[in-house]
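Visitor: Before I ask anything, let me first share the structure, which is written out below as structure tokens.
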Amino acid sequence: MASITVLDDDVELDDPTLVEGLPGVGLVGKLATDHLVETLDMEYYANIDCEGLPPISVYDEGSRNLQPPVRLYADAERDLVALQSDVPVSASAASDFSSCVTEWVAENDATPIYMSGLPQQKQPDKIPSLYGVATGDAGERLDDHDIDTPRERGAITGPTGALLYEAGTRGLDAVGLVVQSDPQFPDPEAARILVEHGIGPLAGVEVETDQLVERAEEISDQKEQLAQRMGEADPDESSQAQPLRMFQ
């Protein structure tokens, strides 16, 4: 049975912003969300047990504690919640997963920020482009912070696309951030753009990002195995944005 189990009832949230960190192209959402959790020292807040998630346990270096693969972390002072995931969500489970998460979003009056990479070969000395889409009235927040509109017609696939679809069908406010990302390897630079120009302004938080780029090589080594699994998996399991061009 799908459920989100809160571990600390003392954490009080008031219309929080939820940042989603599912693995996808360039691992941009996961890198950005992991960085938020670590840098802001966010509190382990809840376990996510949605249909379709693998029944596995994960552990950290130097710790005997086991955790589920998908969790929520909270910063009550900043009214911020981060969805941290150590596993991809399969295409067959995306609908159930998105319904489960969106139920929590609706019950807590949260505004989610969903993130996806747009596969594009990196060009030296060129900053990855970022644009935003939205459901409900969330587009006004994108306008307020001068986040660009898409430059071409496209689609967001995988579980992130399912989350945005679910928000739209329920008439909820949700933001989708799309950033140009390396199609083959972890992309800390694209994750930095998400944090600095997307998450930070939208959530009203300031987050140091220099370390994210400085640790790019280390991060790439740590995430390479996951990136390889994502590349070998069904493409529908990987959240990504992609153009929709007619007459190709």
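Visitor: Could you tell me which helices of the chain pass both thresholds, a Cα extent of 18 Å or more along their own axis and a mean Kyte-Doolittle hydropathy of at least -0.5, with helices taken as whole DSSP H runs? Walk me through the intermediate numbers first.
Guide: Details: long enough: 94-107 (20 Å, 0.20); 216-232 (22 Å, -1.40).
The answer, listed by residue number, is 94-107.
Visitor: When 1/r is averaged over all different Cα pairs and the result inverted, which Kirkwood radius in Å belongs to the stretch 1-110?
Guide: Result for the stretch 1-110, one decimal place: 14.3 Å.
Visitor: Sorted by packing (mean other beta-carbon atoms within 10 Å per residue), highest first, where do 151-163, 181-193, 35-47, 15-27 land? Write down the numbers at each step before the final one.
Guide: Numbers: 151-163: 20.0, 181-193: 23.7, 35-47: 18.1, 15-27: 25.9.
Going from most to least packed, we get 15-27, 181-193, 151-163, 35-47.
Visitor: Give me D8, D86 ranked fewest to most by other Cβ atoms within 10 Å of their Cβ, as a rough exposure proxy. Intermediate results must be reported in sequence, preceding the final value.
Guide: Details: D8 11, D86 17.
By the 10 Å Cβ count, ascending: D8, D86.
Visitor: Rank A91, L212, G52 by how far each Cα sits towards the positive end of the charge dipole of the chain (+1 on Lys, Arg Cβ; -1 on Asp, Glu Cβ) and give me just the farthest.
Guide: About the Cα centre, the residue reaching furthest to the positive side is A91.
Visitor: Taking Cα atoms of the stretch 34-176, Rg/Rh with Kirkwood Rh, to two decimals? If you can, show how the numbers build up before the last one.
Guide: Values: Rg = 16.4 Å, Rh = 16.8 Å.
Reported Rg/Rh, Kirkwood definition of Rh: 0.97.
Visitor: Run the simple label-point estimate for D9 and D137 please: 7 Å along Cα→C-beta, distance reported in nm.
Guide: So the two model labels end up 3.3 nm from each other.
Computed from the coordinates by the stated procedures, all read-outs in this text should not be read as laboratory data. If you're wondering where the values come from, they're calculated on a predicted model, not measured in any experiment. Note that we place each Cβ from the backbone using ideal geometry, even for glycine, and neighbour counts take in every protein chain shown.
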